[in-house]
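The structure appears right after this line, and notes come after that.
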Amino acid sequence: QVQLVESGGGWVQAGGSLRLSCAASETVFRFNSMAWYRQAPGKQRELVAGITSGGSTNYADAVKGRFTISRDNAKNTVYLQMNGLKPEDTAVYYCNARLYAIFYWGQGTQVTVSS
């Protein structure tokens, strides 16, 4: 059973930075893609950023230029560097891994940005 464990969330003032980590129980290179999603109270879960096994990345328009997704195959870890945080970035952030038609999720980590 694949396990994904997120860390790095917390409280930060607007304009600040956080780096989220997602540690996988097996090599991240195995997955077709990995991604970060977020869900704010009362809203649907949305894609924030994704990275394929080939290293291609994509970002939601709301975070382009501020967030960066990366992957460390040796550490089996995917990161989300978040700069220029805004109050509207406040949400629970979830790590996701896709292996063909199977999706795995972490438990989530809370990010709170105060104005």
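Things worth noting here:
- Inter-residue pairs, beta-carbon under 8 Å, first basic (Lys, Arg) and in the range 1-27, second modelled with pLDDT of 95 or more, 6+ apart: Arg19/Gly8; Arg19/Tyr79; Arg19/Leu80; Arg19/Gln81; Arg19/Met82
- Val63 being free of Cβ contacts under 8 Å to residues at least 40 places away in the same chain and either surrounded by 12 or more Cβ atoms within 10 Å (Cβ to Cβ) or of a type in the set (A, V, I, L, M, F, W, C) (or both): yes
- Residue satisfying condition, being open to solvent by less than 70 Å² (accessible area, probe 1.4 Å), more than 12 Å from Arg71 (Cα to Cα) and not in a loop (DSSP other than H, G, I, E, B), within set Val12, Val2: Val12
- Contacts under 6 angstrom Cβ, first residue in the range 87-115 being closer than 20 Å to Gln13 by Cα and open to solvent by less than 40 Å² (accessible area, probe 1.4 Å), partner in a strand (DSSP E or B) and among the aliphatic types (A, V, I, L, M), 6 or more apart: Asp89/Val113; Thr90/Val113; Tyr93/Leu20; Tyr93/Val111; Val113/Val12
For every residue, the table says whether it meets (1) at pLDDT below 95; (2) in contact with a helix residue (DSSP H, G or I) (Cβ under 6 Å, 6 or more places away or on another chain); (3) in a strand (DSSP E or B).
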{"residue": "Gly16", "(1), (2), (3)": "no, no, no"}
{"residue": "Glu26", "(1), (2), (3)": "yes, no, no"}
{"residue": "Asn58", "(1), (2), (3)": "no, no, yes"}
{"residue": "Ala62", "(1), (2), (3)": "no, no, no"}
{"residue": "Phe103", "(1), (2), (3)": "no, no, yes"}
{"residue": "Val113", "(1), (2), (3)": "no, yes, yes"}
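The values are calculated or read from the model by the stated rules, or taken from the named source; none is laboratory data. Given the structure is predicted, the values throughout are model-derived calculations rather than measurements. When we count neighbours, we look across all protein chains shown, and the Cβ atoms used for this are built from the backbone with ideal geometry, even at glycine. Quick note on the areas: whole protein, heavy atoms, side chains included, nothing else; ligands and nucleic acids left out. Shrake-Rupley method; radii C 1.70, N 1.55, O 1.52, S 1.80 Å.
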